[in-house]
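S.K.: Shown below is the structure under consideration.
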Amino acid sequence: MSTTPVSELDLPFLGFSDNRSDRLTAGVEAARSSWIARGEVGYSILRYDDVVAVLRDKRWHSAIPLVIEMSADATPEFKLRRRESILSAEGDTHVRLRRLVAPAFSPRRADTLRPAMRDVVNGLVDAVAHTGRVDMASDICEPYPIPIICELLGAPKRDWELFSRWATDVLRIFDNNFRNDMPLIMAAQDELEAYVRGLIADRRDEPRDDLLTDLIAAEEAGDKLTNEELVMMVEAVIVGGTDTTRNQLGLAVDLLLDHPDEWKRLADDPSVAARVVEETMRLNGAVRATGRVASCDIDYKGVLFPAGTLVFPLLAAANHDASIFHDATNFDTGRRESNQPQLTFGSGIHYCLGAALARAELQEALPLLARRMPNIRRAGEPRYKIATAGIFGPTSLPIEFDPT
Ligand code: HEM
């Protein structure tokens with residue numbers, strides 16, 4: 001079969017927009033007529049099967065290094081300090097890292113943190129339960145994941161505000177605003193690295209029952225993580241495990257505000273939480289796209305993607321693919337007809353390492369919030385991050401509930 005270079009295809013255009021529903025709706029709309037769309041830079045992959053195919057094809061590499069490289073505003077100093085992370089590593093390097101660290105991120109370790117998760121949620125709700133009014137995004141979702149990450153790593157709880165700020169600032173890399181953000185990003189990277197090096201030194205002297213000790217001990221056939229790799233992994237956990245979870249919780253509550261019957265069901269029967277979490281992540285995912293670059297010429301479905309081509313698999317559009325999810329725009333926690341997983345944790349070799357932990361955090365938080373905040377309703381207009389944010393979610397979600 002002959003192949004057509006992707007640049008010669010007649011494709012719909014899907015550009016950046018500042019309106020959150022526009023961007024998602026535009027992706028879902030475009031997917032009706034084409035599996036691929038052209039953008040300002042690169043191409044968007046729109047349908048479930050194609051998104052999964054790209055993410056599972058190892059010739060497509062993570063685009064994180066390219067995003068930084070392509071930014072006209074990033075200084076040479078900033079570009080030079082880029083260290084390889086598990087998210088951007090490929091080939092044998094990635095396989096080795098993943099094999100060494102995967103056991104430390106098992107569902108079993110996530111389950112040991114469930115009591116701590118309930119304690120944190122209860123503590124946050126205790127402060128507001130009598131008032132019947134709260135900003136869900138800033139008062140509950142924002143602080144929630146940090147003490148859990150502290151507990152996971154064995155870092156002191158009092159340091160949560162530091163972790164929170166570092167995670168927010170380092171993630172500005174994905175916000176397309178290097179000119180303003182670079183000094184903040186660089187300062188956060190430096191502080192975070194110094195902190196993590198101290199933590200690792202402590203744990204080498206005094207092993208404990210925590211993730212950091214597991215990572216230090218991680219060994220297979222005599223192979224161990226180097227100190228540099230340990231620093232990178234801990235940074236990946238702090239950065240990858242905070243802003244994602246807090247925004248996903250906010251988006252889940254945002255959706256549930258329009259489904260009060262489901263909120264009540266969560267309160268009455270916490271066993272539905274796992275299904276509610278998957279369905280809220282499908283319909284309203286915090287990570288709506290990721291990026292890949294062709295490491296060589298790639299021929300897919302009769303289309304030639306020359307080496308260096310940038311594509312964005314749109315996880316959110318794939319999650320709305322009507323050929324996979326019946327009545328795809330409907331919130332339906334009972335959906336069983338599809339065995340296909342929602343894609344907000346990605347797919348393939350970079351599939352979210354913290355998925356078990358994130359699922360546990362959401363499954364613990366939602367039923368507790370529903371029980372302790374009955375009759376939840378909106379108390380003002382929600383505000384959101386810009387639509388192109390790498391991790392999307394509400395910045396403000398004012399709600400009222402019956403005081404308890
Ligand atoms: C609801 C919350 C979360 C969401 C939506 C999420 C989403 C994702 C996605 C989409 C990827 C793949 C990115 C790609 O393919 O380019 C990913 C990778 C990753 N996530 Fe998460 N994540 C969440 C929570 C967490 C948590 C709690 C942790 C850490 C404890 C974590 C650590 C990581 C790491 C280390 C990777 C890189 C894995 C690799 O490249 O092999 N994430 N996440």
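The values are calculated or read from the model by the stated rules, or taken from the named source; none is laboratory data. Owing to the predicted nature of the structure, the values given are computational and were not obtained by experimental measurement. All Cβ positions, glycine included, derive from the backbone under ideal geometry; neighbour counts span all protein chains shown.
S.K.: Which of the residues belonging to segment 40-60 are within 12 Å of the ligand (Cβ to nearest atom) and surrounded by 20 or more Cβ atoms within 10 Å (Cβ to Cβ)?
M.R.: 51, 52, 54, 55, 60 - these are the residues of segment 40-60 that are within 12 Å of the ligand (Cβ to nearest atom) and surrounded by 20 or more Cβ atoms within 10 Å (Cβ to Cβ).
S.K.: Quick check, is residue 75 within 30 Å of residue 368 (Cβ to Cβ), among the polar types (S, T, N, Q) and more than 11 Å from the ligand (Cβ to nearest atom)?
M.R.: no
S.K.: It is to be established whether one or more residues within segment 234-251 are more than 16 Å from the ligand (Cβ to nearest atom) and surrounded by fewer than 19 Cβ atoms within 10 Å (Cβ to Cβ).
M.R.: Looking for residues that are more than 16 Å from the ligand (Cβ to nearest atom) and surrounded by fewer than 19 Cβ atoms within 10 Å (Cβ to Cβ), one finds none in segment 234-251, hence no.
S.K.: Only residues that are assigned to a loop (DSSP other than H, G, I, E, B) and small (Gly, Ala, Ser): list them for segment 392-404, please.
M.R.: Listed by number, the list holds a single entry, 393.
S.K.: Moving on. Given the criterion within 14 Å of the ligand (Cβ to nearest atom) and crowded, with 19+ Cβ neighbours inside 10 Å, identify the matching residue among 63, 37. Break it down stepwise before answering.
M.R.: Details: 37 fails: within 14 Å of the ligand (Cβ to nearest atom).
63 is the lone residue from the list that is within 14 Å of the ligand (Cβ to nearest atom) and crowded, with 19+ Cβ neighbours inside 10 Å.
S.K.: Given the criteria surrounded by fewer than 22 Cβ atoms within 10 Å (Cβ to Cβ) and at pLDDT 85 or above, does residue 162 qualify?
M.R.: It is true that residue 162 is surrounded by fewer than 22 Cβ atoms within 10 Å (Cβ to Cβ) and at pLDDT 85 or above.
For (1) out of contact with any Ser or Thr (no Cβ under 6 Å at 6 or more places or on another chain); (2) farther than 17 Å from residue 251 by Cα; (3) of a type outside the set (Gly, Ala, Ser), each residue gets a yes or a no:
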{"site": "273", "(1), (2), (3)": "yes, no, no"}
{"site": "294", "(1), (2), (3)": "no, yes, no"}
{"site": "323", "(1), (2), (3)": "yes, yes, no"}
{"site": "327", "(1), (2), (3)": "yes, yes, yes"}
{"site": "330", "(1), (2), (3)": "yes, no, yes"}
{"site": "350", "(1), (2), (3)": "yes, yes, yes"}
{"site": "359", "(1), (2), (3)": "yes, no, yes"}
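S.K.: Among the residues of segment 195-222, count how many are assigned to a loop (DSSP other than H, G, I, E, B) and surrounded by 13 or more Cβ atoms within 10 Å (Cβ to Cβ).
M.R.: 3
S.K.: Could you tell me whether residue 389 is more than 16 Å from the ligand (Cβ to nearest atom), assigned to a loop (DSSP other than H, G, I, E, B) and not aromatic (Phe, Trp, Tyr)?
M.R.: no
S.K.: Mind telling me which of the residues 69, 29 ends up being modelled with pLDDT of 85 or more, surrounded by fewer than 18 Cβ atoms within 10 Å (Cβ to Cβ) and more than 14 Å from the ligand (Cβ to nearest atom)? Lay out the reasoning, then the answer.
M.R.: On the way: 69 fails: modelled with pLDDT of 85 or more.
Only one candidate qualifies: 29.
S.K.: Show the residue pairs that are 6+ apart or on different chains and have beta-carbon atoms under 9 Å apart, the first residue being within segment 83-102 and at positive phi, the second being more than 9 Å from the ligand (Cβ to nearest atom).
M.R.: Final answer for the pair search is 91/58; 91/61; 91/295.
S.K.: With respect to the numbered conditions (1) in contact with a Gly (Cβ under 7 Å, 6 or more places away or on another chain); (2) free of Cβ contacts under 8 Å to residues at least 40 places away in the same chain, which one is the sole condition not fulfilled by residue 317?
M.R.: Looking at each condition in turn, residue 317 falls short on (2).
S.K.: Has segment 350-359 got any residue that is within 11 Å of the ligand (Cβ to nearest atom), under 23 Å from the mean Cα position of the chain (by Cα), within 30 Å of residue 7 (Cα to Cα) and surrounded by fewer than 16 Cβ atoms within 10 Å (Cβ to Cβ)?
M.R.: Checked against the condition, which is being within 11 Å of the ligand (Cβ to nearest atom), under 23 Å from the mean Cα position of the chain (by Cα), within 30 Å of residue 7 (Cα to Cα) and surrounded by fewer than 16 Cβ atoms within 10 Å (Cβ to Cβ), segment 350-359 yields at least one hit.
S.K.: Still on this structure: More than 26 Å from residue 344 (Cβ to Cβ), under 21 Å from the mean Cα position of the chain (by Cα) and more than 13 Å from the ligand (Cβ to nearest atom), is that true of residue 231? Walk me through how you get there before you give the answer.
M.R.: On the way: more than 26 Å from residue 344 (Cβ to Cβ): yes; under 21 Å from the mean Cα position of the chain (by Cα): yes; more than 13 Å from the ligand (Cβ to nearest atom): yes.
Yes; evaluated as a whole, the condition is true for this residue.
S.K.: I've got another one for you. Counting only residues that are touching a Lys or Arg at 6+ places or on another chain (Cβ under 9 Å), farther than 19 Å from residue 332 by Cβ and among the aliphatic types (A, V, I, L, M), how many does segment 241-292 have?
M.R.: So the count comes out to 2.
S.K.: What number of residues in segment 114-138 are under 25 Å from residue 255 (Cβ atoms) and either in contact (Cβ under 8 Å) with a residue 60 or more places away in the chain or within 20 Å of the chain's Cα centre (by Cα) (or both)?
M.R.: Adding up the residues that qualify gives 15.
S.K.: Consider residue 203 carefully, then state whether it is closer than 21 Å to residue 86 by Cα, modelled with pLDDT of 90 or more and of a type in the set (Lys, Arg).
M.R.: no
S.K.: (1) more than 15 Å from the chain's Cα centre (by Cα); (2) of a type in the set (Ser, Thr, Tyr); (3) near the ligand (Cβ under 10 Å from one of its atoms): which one isn't true of residue 290, the others all being true?
M.R.: With respect to (1) more than 15 Å from the chain's Cα centre (by Cα); (2) of a type in the set (Ser, Thr, Tyr); (3) near the ligand (Cβ under 10 Å from one of its atoms), residue 290 is out only on (1).
S.K.: Here is a further query. So which pairs qualify, if the first residue must be in segment 220-239 and under 16 Å from residue 103 (Cα atoms), the second must be in a helix (DSSP H, G or I) and away from the ligand (no atom under 16 Å from the Cβ), the Cβ gap must be under 7 Å, and the two must be at least 6 apart or on different chains?
M.R.: 230/200; 230/216
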